[in-house]
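Enquirer: First, the structure itself, so that you have it in front of you.
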Amino acid sequence: MTPLLDFHNVTVQRGDRTVLDGVTLSIAQGEHAAILGPNGSGKSTFIKLLTRELYPRLKPEPWSLRIMGRERWHLFDLRNHLGIVSNDWMQMCTRDYSAHEIVLSGFFGSVGIWPNHEVTAAMEEKAGALMELLEVTHLAGRNTNELSSGEARRILIARALVHDPQALVLDEPTSSLDLHATYELREILRKLAGNGISILMVTHHLPDIIPEMDRVILIRAGRVYGDGPKRELLQPATLTGLFGFPVEVLERAGYYHVL
């Protein structure tokens with residue numbers, strides 16, 4: 001099967017700084033994977049490559065970046081295959097639109113419903129089913145700028161899923177969430193993984209890696225530092241090298257914690 005993502009020798013430069021340096025990796029369709037690394041390691045740049053906010057640097061040696069086997073995409077078509085949930089989208093969607101409108105707006109690639117948008121009965125049905133799946137039906141009439149961070153995050157996930165994408169891509173999913181909201185979000189992600197939705201997560205926080213994720217890709221200083229099963233890579237020596245200070249690791253009920 002064609003890989004979901006296929007990077008070969010990808011380099012990204014912002015100003016004079018190289019933020020990704022010769023990255024090569026492939027992620028299969030249906031695979032759950034976490035990209036783990038410290039702040040400033042290049043994780044967010046990885047997301048911006050997928051959303052086409054950044055592009056690789058042209059260079060003489062061979063390189064390629066393919067999504068679902070293609071190097072070029074119309075941005076709206078790409079959103080049908082990758083459901084992106086980022087902190088940038090959180091800021092854009094936390095406004096005086098109802099949660100129901102925000103979910104429906106995923107069909108149009110907009111924030112909110114505009115006068116020229118034709119909302120069909122099938123769209124309404126799909127939005128309702130996703131809100132029920134994510135356990136946020138009771139929030140449908142409330143504006144997203146009145147919701148907690150955890151509630152707004154689940155609304156944004158529902159929005160990202162309206163096109164039945166091949167994968168849900170999450171950027172630091174528990175950022176700004178309290179303990180209870182973090183627990184609820186992880187349980188929702190486990191439910192989605194169990195329903196066959198591929199999850200690709202970018203994080204610096206080990207407990208975000210739900211038990212259903214077996215593969216981790218470690219990023220340090222813009223390079224792939226490690227790639228493989230989490231039971232092999234989420235070890236004290238490896239994580240000490242990744243984060244740059246001595247750590248101990250505790251595994252409990254499929255979750256990993258740094259001590």
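Nothing in this text is a laboratory measurement; each read-out follows from the coordinates by a stated rule. The shown structure was predicted, so the numbers you read here are calculated from the model rather than taken from an experiment. We place every Cβ from the backbone using ideal geometry, glycine too, and count neighbours over all the protein chains shown.
Enquirer: What is the Å³ per residue value for the convex hull set by the Cα atoms of region 1-70? Intermediate values should be presented prior to the final figure.
Expert: On the way: hull volume 6.5 nm³, N = 70.
Value for region 1-70: 93 Å³ per residue.
Enquirer: Another question, if that's okay. So what's the Cα pair-distance distribution over region 42-189, bin width 5 Å, in %?
Expert: 2, 9, 18, 21, 19, 13, 9, 5, 2, 1, 0
Enquirer: Taking θ as phi - 60°, what are the ³J(HN,Hα) couplings along region 118-126 by the Karplus curve (6.51, -1.76, 1.60), each to the nearest whole Hz, with x for Gly and Pro?
Expert: 9, 8, 8, 4, 5, 5, 4, 5, 5
Enquirer: Mind giving me the nanometre distance, one decimal, between the label points for ASP178 and ASN87, set 7 Å out from Cα along Cα→Cβ?
Expert: 2.0 nm
Enquirer: Take ALA28, project a point 7 Å from its Cα along the Cβ direction, then tell me which residues of region 202-223 have their backbone nitrogen under 18 Å from it.
Expert: Correct set: 212-217.
Enquirer: List, in order, the whole-Hz ³J(HN,Hα) value for each residue of region 154-163 obtained from phi through the Karplus relation with A = 6.51, B = -1.76, C = 1.60 and θ = phi - 60°; use x for Gly and Pro.
Expert: Using θ = phi - 60°, the values come out as 5, 4, 5, 5, 4, 4, 5, 9, 5, 9 Hz.
Enquirer: What residues have an amide H closer than 5 Å to that of VAL249, excluding those fewer than 5 places away on the same chain, when H is modeled at 1.01 Å from N in the peptide plane?
Expert: The answer is LEU259.
Enquirer: Applying the Karplus parametrisation 6.51 cos²θ - 1.76 cosθ + 1.60 with θ = phi - 60° to the phi angles of region 219-229, what ³J(HN,Hα) value in whole Hz is obtained for each residue in order, glycine and proline being reported as x?
Expert: Per-residue couplings from phi come out as 10, 9, 6, x, 10, 6, 8, x, 7, x, x Hz.
Enquirer: How large is the dipole of region 146-214 about the Cα centre if only Lys and Arg carry +1 and Asp and Glu carry -1, each at its Cβ, rounded to the nearest 20 debye?
Expert: Values: 6 positive and 11 negative charges, 30 e Å.
Dipole about the Cα centre, nearest 20: 140 debye.
Enquirer: Here's another thing I want to ask about it. What distance in nm separates the two pseudo spin-label positions at GLU251 and ARG52, each 7 Å out from Cα along the beta-carbon direction?
Expert: Those two pseudo-labels are separated by 4.1 nm.
Enquirer: Using amide H atoms built in the peptide plane, which far-off residues or other-chain residues are under 5 Å from GLN13 H to H?
Expert: VAL19, ARG57
Enquirer: Work through the residues other than LEU177 whose Cβ is under 11 Å from its Cβ and net out their charges, Lys, Arg +1 and Asp, Glu -1. If you can, show how the numbers build up before the last one.
Expert: Values: positive: ARG153, ARG154, ARG186; negative: GLU151, GLU172, ASP178, GLU184, ASP208.
With Lys, Arg at +1 and Asp, Glu at -1, the neighbours total -2.
Enquirer: Counting only residues 5 or more places away or on other chains, whose amide H sits under 5 Å from the amide H of ASP227 once H atoms are built in the peptide plane?
Expert: Counting only residues 5 or more places away or on other chains, the set is LEU218.
Enquirer: A further question on this structure: Taking a ≥ b ≥ c as the square roots of the eigenvalues of the Cα gyration tensor of the chain, is the shape rounded (a/c under 1.5), prolate (a/b larger than b/c) or oblate?
Expert: Values: a/c = 1.89, a/b = 1.32, b/c = 1.43.
Note, shape of the chain comes out oblate.
Enquirer: Right, here's the next one. Nearest 10 degrees, 0 to 90: what angle lies between the long axis of helix 179-194 and the longest principal axis of the chain (Cα atoms)?
Expert: 90 degrees
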